[in-house]
Amino acid sequence: MNMYNRSKKAKRPDEAKVTANQNRKPKLEEFIKARDYTGAVILLEFQKQTKETNPLTLPWLGYAAFHLGDYKKALNVYTEILAGEKPDQINHLYAAASMFFLGLYTEAEEEAKKGPKCALQNRILFHIANKQADESKLMVYHQSITADTEDQLSLASMHYLRSHFQEATDIYKKLLSKYRDYLALQVYVALCYYKLDYYDVSLEILTAYLQTHPDSAIAINLKACNHYKLFDGKAAQAELKVMIDALAASSHAFENDFLRHNTVVFQKGENALQVLPPLVDIIPEARLNLVIYHLHQNEVMEAYELIKDLEPQTPQEYTLKGVVNAAVGQLNESKEHLELAQRFFQLVGQSASECDTIPGRQCMASCFFLLKNFKDVLIYLNSIKAYNYNDSIFSYNFGIAQAAVGQYAGAEEALVKVEDENIRSSYCYLSWLARTYIMNDKAREAWELYLKMESNTDSLAMLVLIANDCYKVGSFFYACKAFDVLDRLDPSHEYWEGKRGACCGVFQQVLARREKKERLREVIMLLQNNANTPQAEYMTRVMSKWAQENGVNLG
């Protein structure tokens, strides 16, 4: 034993210091100061199970669990405190706050009323009234909000929740000018600017905060959302990578719900069905994004089932309900759903907070679109055209609205800009594009659209459109070709009359030198498909005679 002791190397002073620090028992104050609530909970749980417990162990455990976001644990702790001997009645309010974040609003209201009448009780009841959509109670509690900092923060958050982002911004900026060291206010202001679509301003404010707190999950997440709006999903994902690294390097606990949710959004819905459904009751936006995913997959009824019972509170929720009801109305030819969609769009577009925003004007355009008032549609779409230059959906709707009022040159320009393959392959898009081609004296391009289509009911409908529109504008050659195919597919007197008139129109244009003479060769071949019809035989003889007299080679 003595030999072993002598053989051990003596520790250097710095090594001894490190060992001493490693062996030193961590203190609760250090965890709280470092915002390491996971460490605080572990320490307090250990104290609770040993003789080291003291009267402050449970209150601090409830505090740490609450700030960690483990509201169920926090509620259990405050319930245990209240079950003890002569508990402080303020714990009723802490328990009510835990219930609030668990979504137990009725229970939270009952619990809060058991606590002492104070500013905290009023703030809790104020927010419960908002969640319960009880406007009368909300106004009562609102009147008790004072100029104190905590009350003003609560009021600002209420404005934010009710989409009054400018009012929330004004309060936060006023508080920030008074309390320069309240750095978290910078994030709140950045959130408001994000909601107001000032993404560059939001980023600038966040940069200052992140210099002090580079591992802030909320700030990094908001920065990623700003990058998504300003750039694209790849830029946003790069910021999320920063968040993942920062969280891995810190000792802070973080629920990955927001991270997984936003990753799905940034990746345009990839893994949406695996990630979003469990988050529907946790993250409000998860339900909305799942609805959007189903709409993108043309799963209209699945989207409707998710949102039909949602009572909209925000402009985004009203807008999405409008979109879903419009889709259901068009799918099922339901006048009821279309009228409901029109009302949702109108509510958003005419609201004071949204009327001058891009989404607000899009909603008014959608409202008038459903009412088939395309002149007013164009008023709103023209006002936001510069902000949607590369948006396929915008170009599609803009093109249809222009075509509907006869602005075919602009309609063609908008429709050919559509890049989304799902839109480009739809019959609605192809039919409107064909019509604009015909009205712009490009009947050949319209005919080529038909030739690329598969033989089905859509291609038959396209033939009818080309035949009638070409006949209407005097593009008789392509009207003749379309009526010929229709007559061969479904022989009828109506199609034959259309074909006969179109053939005569081509001959007339050749005589007037407005059409190439060589067209007669194909027209005569088309008439031969009706060889058993005396009128076709007579027209063939007349055209052939004229061609022979004027040196036109009919082959």
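Pairing residues of the stretch 359-383 that are free of Cβ contacts under 8 Å to residues at least 40 places away in the same chain with residues that are among the small types (G, A, S) and surrounded by fewer than 20 Cβ atoms within 10 Å (Cβ to Cβ), at Cβ distances under 7 Å and at least 6 apart in sequence or on separate chains, gives R361/S383; F374/A404.
Report whether or not K117 is of a type outside the set (F, W, Y) and either at pLDDT 95 or above or assigned to a helix (DSSP H, G or I) (or both). Yes. Candidates are the residues of the stretch 431-487 that are open to solvent by 20 Å² or more (accessible area, probe 1.4 Å), farther than 12 Å from G498 by Cα and of a type in the set (V, I, T); the one that is farthest from the chain's Cα centre (by Cα) is V473.
How many residues are open to solvent by less than 30 Å² (accessible area, probe 1.4 Å) and closer than 28 Å to K268 by Cβ if we restrict to the stretch 412-430?
6
Looking across the stretch 136-182 at every residue that is outside any helix (DSSP H, G or I) and within 21 Å of I205 (Cβ to Cβ), the one that is least open to solvent (accessible area, probe 1.4 Å) is identified as S163.
Helices (runs of 4 or more DSSP H) fully within the stretch 465-555 that include at least 2 residues being in contact with a Gly (Cβ under 7 Å, 6 or more places away or on another chain): 476-489. Can you work out which of the residues in the stretch 393-430 that are among the β-branched types (V, I, T) and more than 23 Å from the chain's Cα centre (by Cα) is nearest to Q297 (Cα to Cα)? The qualifying residue nearest to Q297 (Cα to Cα) is V416. Among helices (runs of 4 or more DSSP H) entirely within the stretch 350-432, having at least 3 residues that are touching an Asp or Glu at 6+ places or on another chain (Cβ under 9 Å) singles out 358-370, 392-404. Exactly one residue out of E317, E311 is under 20 Å from P359 (Cα atoms), at pLDDT below 90 and either outside any helix (DSSP H, G or I) or open to solvent by less than 60 Å² (accessible area, probe 1.4 Å) (or both): that is E311. With respect to (1) buried (at least 22 other Cβ atoms within 10 Å of the Cβ); (2) more than 24 Å from A129 (Cα to Cα), the lone exception for V348 is condition (2). Taking the stretch 208-229 as the range and being assigned to a helix (DSSP H, G or I) and open to solvent by 70 Å² or more (accessible area, probe 1.4 Å) as the test, the residues that pass are Q211, T212, I218, Y228, K229. Among the candidates F344, F368, the residue that is touching a Gly at 6+ places or on another chain (Cβ under 7 Å) and not polar (S, T, N, Q) is uniquely F344. Per the listing V328, V300, the residue uniquely among the β-branched types (V, I, T) and either farther than 18 Å from L276 by Cβ or out of contact with any helix residue (DSSP H, G or I) (no Cβ under 8 Å at 6 or more places or on another chain) (or both) is V328.
Taking residues in the stretch 222-237 that are over 11 Å from Y194 (Cβ atoms), and partners anywhere that are crowded, with 20+ Cβ neighbours inside 10 Å and of a type in the set (F, W, Y), the pairs with Cβ atoms closer than 6 Å and at least 6 places apart or on different chains are G233/F266; A236/Y228; A236/F266; Q237/F266. Which residues, counting only those in the stretch 511-538, are within 24 Å of L465 (Cα to Cα) and among the aliphatic types (A, V, I, L, M)? Residues satisfying the conditions are L520, V523, I524, M525, L526, L527, A536. Assessment of the stretch 323-333 against the conditions (farther than 28 Å from C367 by Cα and either open to solvent by 30 Å² or more (accessible area, probe 1.4 Å) or more than 16 Å from the chain's Cα centre (by Cα) (or both)) yields no matching residue.
The values are calculated or read from the model by the stated rules, or taken from the named source; none is laboratory data. Remember, predicted model here, so these are calculated numbers, not experimental data. Positions of Cβ are backbone-derived with ideal geometry, glycine not excepted, and every protein chain shown enters the neighbour counts. What goes into the accessible areas is simple: the full protein's heavy atoms, side chains included, and nothing from ligands, DNA or RNA. Shrake-Rupley method; radii C 1.70, N 1.55, O 1.52, S 1.80 Å.
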